[in-house]
1. Against the conditions (1) in contact (Cβ under 8 Å) with a residue 40 or more places away in the chain; (2) of a type in the set (S, T, N, Q); (3) in contact with a Phe, Trp or Tyr (Cβ under 9 Å, 6 or more places away or on another chain), where does Asn631 fall short? Just the number, please.
2. For residues that are in a loop (DSSP other than H, G, I, E, B), open to solvent by less than 40 Å² (accessible area, probe 1.4 Å) and under 11 Å from Ala307 (Cα atoms), tally how many sit in the stretch 241-274.
3. On the basis of being among the small types (Gly, Ala, Ser), open to solvent by 20 Å² or more (accessible area, probe 1.4 Å), touching a Pro at 6+ places or on another chain (Cβ under 9 Å) and in a helix (DSSP H, G or I), does Ser441 make the cut?
4. Which of the residues belonging to the stretch 529-558 are crowded, with 23+ Cβ neighbours inside 10 Å, of a type in the set (Val, Ile, Thr) and over 15 Å from His498 (Cα atoms)?
5. Select from the stretch 384-419 the residues that are assigned to a helix (DSSP H, G or I), among the small types (Gly, Ala, Ser) and surrounded by 12 or more Cβ atoms within 10 Å (Cβ to Cβ) and list them in ascending order.
6. Do the conditions hold for Ile377, that is, is it in contact with a helix residue (DSSP H, G or I) (Cβ under 9 Å, 6 or more places away or on another chain), at pLDDT below 95 and farther than 19 Å from Pro659 by Cβ?
7. Out of all the residues in the stretch 41-67, which are among the aliphatic types (A, V, I, L, M), assigned to a loop (DSSP other than H, G, I, E, B) and under 53 Å from the mean Cα position of the chain (by Cα)?
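The values are calculated or read from the model by the stated rules, or taken from the named source; none is laboratory data. As the structure is a computational prediction, the values presented were derived from the model and not from experiment. Here Cβ is always computed from backbone atoms with ideal geometry, including for glycine, and neighbour counts include all displayed protein chains. Heavy atoms of the whole protein, side chains included, go into the accessibility calculation; ligands, DNA and RNA do not. Shrake-Rupley method; radii C 1.70, N 1.55, O 1.52, S 1.80 Å.
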Amino acid sequence: MIVMDPDIRYCLFLGTYRPVESGVTKMLGSIQSYGVRVVSLKVSCIEKESVNSLISENLCIPPSLCQSLSTTVHSKTGGFILFAANFFQSLYEEGMIRFNLNAGNWEYNVNDIKQRKLPADVVQHLSERMARLPKNIQSLLKTAACLGFEFDANLLQKATKVSMLELVPYAIESGFLQEIPSSNKLVWAHDQIHLAAYELIPLNKRPSSHLLIATRIYMNTSSDEILFRVIFDVVNNMHVGLHLITSQAQRNDVARLNRIAGMKALVSSSFDTAAEYYMVSVGLLAGDCWTSNYESTLALHQEASDALFVAGDFEHLKNVIDEQLTHANCFDDKLQAYYCLVRFLYTTSNSNQAMEKTRFILGELGVTFPEATPDLIYRELLSTKALLANTSQQDFLKALRLTDKRMLWTMRFMHKFMKYLFSVNTSLLPLVACRMIRMSSENGCSCDSAMGFVAYGWAALNILQDIEEAYKWAKLCLLLPEILSSPALLPKLTCYFHSFTSFFKEPIQASCDALRKTHQELLMVGDVQEAFIASFNHCRQMLFVGIDLAAVDKRCTSTTLEMTKHTHVHQCLYNLSHHLVVLKLIGNHSTKNPFEAFKGVSNEEIRDEDDLLKHAVSTGEFGVVQVIRFNRLFLAYWFKRYKEAAEMAALYKPRTRMPLIDIYHAFYEGLTAFHFARQLSEDDPEKWFRLGEKSLACFKTWVMHSTWNWENKYLLLEAECHFSKGQLDKAKKKYYLAIKSARQHRFVHEEGLANELFSVFHTSSGNTDKENYHILQAQFCYERWGAFAIVERLVKTIVARKK
């Protein structure tokens, strides 16, 4: 997360690894893909002179007197410091280096040392050295090796049959173990020493050794301590000897311990680890577990499916879901499996299937919806508004809590149904939102009630055109997590608030920052789907705010990699098209293809945006289709391909489902329309005036709610309108104000756009000085934005005008 955080600009990591460790090499390659610079420094073995200094200092003799010994030690160990030091120590232990008390000096025979057979690697050498130690010391080292590289001294005590703690000082003095200051923990002096100690255990004895150690720890530990302190040590050691456990009663005990470990890992946000523990637990169950122990088997499968979904292990998830749907006794017991199933379908870009399956489940729960006619939707929204008008903020905060289990599931599925409608068919969404509010009002609120209020706000915004009503309830929803004692709900509500509502009244820069933080918070609580919604909307708002495009590119790259890692296909499709926009503005789309990262994630090959569009149309992903059309309108306008811009604007047809890009669609469609309105070659300029003035009317409403976000755009549309009508003095004034407003509200790209259009205005009036001044100002703004492809287009325009 530190590497992917665009706000952490400088961070130095130091680490060591061996070339044979392929996992580390792969990890470093992954880090480099985020744009992080990795510098490799090869550390070679020590020179002969260093070995000579080591021996000289240890024997307290001049370096010149131990040259032959150090040369021998260096040649036999290759200068590997750990090998050299331990070989030197073993020579003393074997008596090949000894102190002569009568002569008062050290004695050794270099020829004998040369004949000393030495293993090919340090691990074997260390193992042989350890094998010469007393049996009780060997037993201590073998037990400690099974506990890992770092372990608690008390754990070592529990893992042994008799007390061995008095032997620990010897292991420390011998250089095998080290104490960690201010703790009761021990750590191996070197990973090769740890490996050598482990090699003392014969290969065929290792599973039983681990199992014995796990059993001893378990038997010597209280229940509370197992739960809170040593559960991972117990189950991790048991895993090595799992195949030795044949008694079903014992397997059930181990399954229970793995389930506890999975729960604890989930609490720590270690989702991959949790999924592994749960799968081990499921694998240990008896063949007749669904009949002999139904309740606990069902609960285990429910917890496992949740963990597998968050971890993105969809292959195992499908099997666990199928088990529940096959063996559950009744429909209510299948609800959790169905819940994971519809989320899985949506995540893997099967939105239509997710929607239809959710609608079927709601029908089974007794919830159906009539045909969503415009008249019915409008009446339902007005009815809900009237209901809420009689609800004060205090009433809202004191609302009853929903407790009925079946009703809670109904609310959860309605929440998901709304999400899937967003991608496929928004016409029914207002009715679902109104139903959720009415059910919450009558039966009490749940965490999912909040999403009903959020969706109602969205509908009030887009259908009733009531920004204040939408903002009021979206803002109030942020109080629900505290009321419902559900802090994990807050990041989700914050995500939706800043993705769909806040920018109508609050500075969009603040919304953008909030989404970045919310993305991290959602990942920490395991809400992966919403985390990627926050991440994508953060990427999109970074573009609209005018943040340096290099930073936007970096953020889009890391977001795509996160999404593909978790196999979240649906949200990734949106991000790929958006990332392509960023790359085209920078000018490096020909050398960097965002779709490369998507290879192997979906069954369908999607190599470019045309493939993506075909996929979205064929699968009914109309949200993706609309995003692509908007992105093409956006690029066409910025690159002055006005005909294409007009075509994309007409195809877009706002479906009132994405408020932010609907706003920007109106902006660029209006600018495109006013461009055509002043072209003499146009047969029907009035058509373009009507289209442009429609956009102008929208911004006139929006600017009343947020001067910060919409004023500069409204002024620029006004300027273009006056210019198209030949009202040059009014146009000139509005261009100045648009530039000033964009600068004041920190929209550097739109400041550049206003300057560029003002330059065009001066070109038509023949004012060359003003024309050159504003086009250079535009270039300066675009360079600050990092849109070098736009700068290149602008430079060509300047050269063409000079000619």
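1. Going through the list (1) in contact (Cβ under 8 Å) with a residue 40 or more places away in the chain; (2) of a type in the set (S, T, N, Q); (3) in contact with a Phe, Trp or Tyr (Cβ under 9 Å, 6 or more places away or on another chain), Asn631 breaks only (3).
2. The initial filter retains those residues of the stretch 241-274 that are in a loop (DSSP other than H, G, I, E, B), namely 241, 245-247, 268-270.
Next, only the ones that are open to solvent by less than 40 Å² (accessible area, probe 1.4 Å) stay: 241, 245, 269.
From the residues that got through so far, the ones that are under 11 Å from Ala307 (Cα atoms) too are 269.
Count: 1.
3. no
4. Listed by number, the list holds a single entry, Val552.
5. In the first step, residues of the stretch 384-419 are kept if they are assigned to a helix (DSSP H, G or I); the result is 384-389, 393-397, 405-419.
Right, trim to among the small types (Gly, Ala, Ser) and you get 386, 389.
Matches in the stretch 384-419: none.
6. no
7. Of all residues in the stretch 41-67, those among the aliphatic types (A, V, I, L, M) come to 41, 43, 46, 51, 54-55, 59, 61, 65.
Narrowing further to those that are assigned to a loop (DSSP other than H, G, I, E, B): 41, 43, 46, 61.
Passing the criteria: Leu41, Val43, Ile46.
Residue-by-condition table, conditions (1) closer than 21 Å to Gln394 by Cα; (2) part of a helix (DSSP H, G or I); (3) open to solvent by 10 Å² or more (accessible area, probe 1.4 Å); (4) among the charged types (D, E, K, R):
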site: Ala450; (1), (2), (3), (4): yes, yes, no, no
site: Tyr456; (1), (2), (3), (4): yes, yes, no, no
site: Ala470; (1), (2), (3), (4): yes, yes, no, no
site: Ser486; (1), (2), (3), (4): yes, no, yes, no
site: Lys492; (1), (2), (3), (4): no, yes, yes, yes
site: Tyr496; (1), (2), (3), (4): no, yes, yes, no
